[in-house]
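Okay, so here's the structure we're looking at.
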Amino acid sequence: MHNSLQFIERTADSVLQQTFTEWEWLLVDDASTDGSSDYLRDLGSDDSRVKVIRLTDNMGAGPARNRAIEQANGRFVAFLDSDDIWIPCRLEMHVGFMEQRGSAFSHTSYGYIDEHDNVIRNTFHVSAHPIAYTDLLKRTEISCLTAIYDQNVLGKMYMPDLRRKQDYALWLAILKRGYRSDPLDVETAFYRQHSGSATNKKHELILKHWQFLRDVEGLSPAHSLYYTTRWGLEGLKKYYLPT
C-alpha cells in the first residue's frame with residue numbers, strides 16, 4: 001500500500017470477509033503520507049491475523065511485496081494491492097482448487113471496477129490450459145491479485161527490484177523452473193482501473209516491454225520482437241476491444 005486511503009477500507013473488508021479464515025495478512029505500508037497508515041495501525045490492533053509492516057522510505061511495489069514474502073509463514077502466498085478487492089469465497093475456492101490438483105502455482109479470472117466499485121468491463125477469462133513460460137510471454141494473463149504459489153513446493157520466490165513488471169518477472173521465473181500455472185476460470189477478484197492505472201497507458205509501454213524481454217529475460221532481439229508483438233496484440237484485445 002502507498003497512499004491508498006481512498007480505497008484501503010474496501011480492500012480490507014474484502015480480506016476480513018473471507019470464508020476461509022485461517023490466514024495471516026502481511027500488510028506493507030510503503031511510506032504512505034495520506035493517513036492510510038493510521039487506518040492500518042487500528043486494523044492491526046483489532047485482529048491478530050493482521051500484521052502491519054511500515055516502511056520509512058518509499059521502495060516501490062516489488063521490494064514492499066518482498067518484505068511480506070520474507071515474513072510469510074503460511075503454505076500458500078497470495079497477493080493483493082491496496083485498491084483491488086477479492087470476492088468473499090476467493091481464498092476458500094482457490095486454495096481448495098490448488099489442493100485438489102496438487103498445484104504449485106495457480107491463477108484465476110478477474111473483473112474490472114472503477115473508483116466507485118462499478119463494474120466497467122467484462123470478465124477477463126483465463127485460458128483453458130495450464131500456462132507455461134512461452135504462453136506467458138505471449139499473453140499476460142496472470143494477474144497479481146489472483147496469483148497464488150505454494151512455498152512448501154517452490155520455496156520463497158521473490159520479485160526482482162524493478163519499478164514495473166516485477167510481478168510478471170516473478171511469474172516468468174517460476175515458469176522457467178518447469179512449473180505451470182493452473183488456471184481457474186472463476187472471477188475471484190476485481191482489479192481497480194482508474195486514471196493512474198498503468199494499464200490505461202499500455203500503448204506507451206510497447207518499447208519498454210521489448211526492453212524488459214531483452215534485459216531481464218535475456219531474449220534475442222528477434223524473439224523479443226516476436227513476443228512483444230504477440231503481447232501487444234493480446235493487450236489490445238484485453239483492454240481496448242469489446243469482449
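FYI, it's all coordinate maths here, none of it is from the lab. None of these values were measured; they are calculated from a predicted model. For neighbour counting, all protein chains shown are included, and Cβ atoms are generated from backbone atoms with ideal geometry for every residue, glycine included.
What the table below lists for this structure:
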quantity	calculated
The chain: Rg to Rh, with Rh as the Kirkwood radius over Cα pairs	0.94
For a label point 7 Å along the Cα-to-beta-carbon line of GLU234, residues of region 115-155 with backbone N under 16 Å	124-147
Virtual paramagnetic centre 7 Å along Cα→Cβ of LEU5, amide N under 11 Å, in region 37-72	37-39
Nearest-0.05 FRET efficiency for SER220 and ILE120, computed from C-beta distance (R0 51 Å)	0.85
Total lysine pairs under 27 Å (Cα atoms) in the chain, excluding pairs fewer than 8 apart on one chain	28
Linear extension gain, GLN71 paired with ILE53, 0.36 nm per residue minus alpha-carbon span	5.5 nm
Part-to-part distance (alpha-carbon centres) for region 44-95 and region 1-16, which is given in Å	11
Within a Gaussian network of the chain (alpha carbon springs, distance under 10 Å), most fluctuating of PHE105, PHE190, PHE20	PHE20
